[in-house]
Amino acid sequence: MSKPDVLVFAQSPSHAVMAQLALQFNCHHVWQQPASQHSRMIDSVAARIRAVWTVGPLGLDAGLIARLPQLEVVVVNSVGVDRIDLPALAARGIQVSNTPGVLTDDVADLAVLLLLAAQRRLPAMDAYVRRGDWAAGERLQPARGLRGKTAGIFGFGRIGQAIAARLAPFGMEIAYFQPRAIDGVAAPRAASLLELAARSDYLVLAAPATAATRHAVDAEVLTALGPQGVLVNIARGALVDETALVAALADGRLGAAALDVFEAEPQVPAPLCALPNTVLTPHIGSLTVETRHAMGQLTLDNLCAHFAGRPLLTPV
Ligand code: 8YV
């Protein structure tokens, strides 16, 4: 029997995963082509495509879905599926999988790294040494300590709770907000995101991007977080009104921001790069050898399960 045709939009850095994918499927690697060739390449194989392999940040829109008449399954090598048109897929009974769980630890670790880097002004301190300011006797102001401060976590699912578990041993108080209260957790739930921001020194975003969370972190929330407050975002750029964020950071209503995700990534607003009170990373929460292998393997296992007539392991 011939191998199922799969449209592959993004490479996994795991060679083992890519090798298994090539062995078991007839792969059409869109990512290997220059962007100008994508449409032509997709058209040339569209009629045969039974599966799509993609990642959350790239997404999959209704227009492309409509071009694939034989599509049965979409495997997303990410946990976030906010850019995948789920209603368009559901309307055709096309199954979708993602990669929950396997990236939790690394993403939570990055949240802590960003929080500490913003708190202790790591990029500025590194620059201070490299510029020779230390040797020149330039004065330094002390940072603020973590013990006794409150970390407010917006979105208290797997990743939010893993961040809380890492921050509590620093002597921090933890609070969270999300619409649904979670039973059996010690952390108190704030009545709203605004209330969470007002009681927090650090506001850490770990919520999914949805219509309800889009720009939830607005000027009012940022002002409530305050001049000593720090915003940390390892979730999705769409959660934050970036124009309001730039304004709050520039006029001192907000202390600092540490961001791994941006609304129009890989484009990062120039003012965020120019501000001294930001720490910026290029969406690397899950970017470790181990986690990217585990994500790729889970994505592949979902694909294999579908074509073996078994249920998806991690359906969306
Ligand atoms: C990216 C993420 O998917 O899982 C998610 O939702 O945002 C990241 O892990 C990754 O960069 C894409 O491979």
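Listing for the model above:
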read-out: Among (1) more than 16 Å from S78 (Cα to Cα); (2) under 16 Å from the mean Cα position of the chain (by Cα), the one test that V246 misses; value: (2)
read-out: Subset of segment 15-38 (residues that are among the small types (G, A, S) and at pLDDT 95 or above); value: A16, A19, A22, S36
read-out: Long-range neighbours under 8 Å by Cβ, at least six apart or interchain, first residue within 21 Å of S286 (Cβ to Cβ) and touching a residue at least 40 places away in the same chain (Cβ under 8 Å) within segment 12-34, second of a type in the set (F, W, Y) and within 15 Å of the ligand (Cβ to nearest atom); value: L21/W53
read-out: L303 being within 29 Å of D85 (Cα to Cα), within 16 Å of the ligand (Cβ to nearest atom) and more than 19 Å from the chain's Cα centre (by Cα); value: yes
read-out: Boolean, P123 is within 12 Å of the ligand (Cβ to nearest atom) and over 18 Å from L312 (Cβ atoms); value: no
read-out: Residue list for segment 234-268, filter: in a helix (DSSP H, G or I) and β-branched (V, I, T); value: T243, V246
read-out: Cβ pairs under 6 Å, 6+ apart, first in segment 277-289 and of a type in the set (V, I, T), second assigned to a loop (DSSP other than H, G, I, E, B); value: T281/D260
read-out: Residue, farthest from L110 (Cα to Cα), within segment 285-311, restricted to residues that are among the aliphatic types (A, V, I, L, M) and surrounded by fewer than 18 Cβ atoms within 10 Å (Cβ to Cβ); value: A308
read-out: Options A206, A238; residue that is small (G, A, S) and closer than 30 Å to A16 by Cβ; value: A206
read-out: Any hit, segment 221-230, residues being more than 16 Å from the ligand (Cβ to nearest atom), over 27 Å from D105 (Cβ atoms) and β-branched (V, I, T); value: yes
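The values are calculated or read from the model by the stated rules, or taken from the named source; none is laboratory data. All figures in this text were calculated on a predicted structure; none of them were measured in a lab. Don't worry about glycine lacking a Cβ; one is built from the backbone with ideal geometry, like all the others, and counts go over all protein chains shown.
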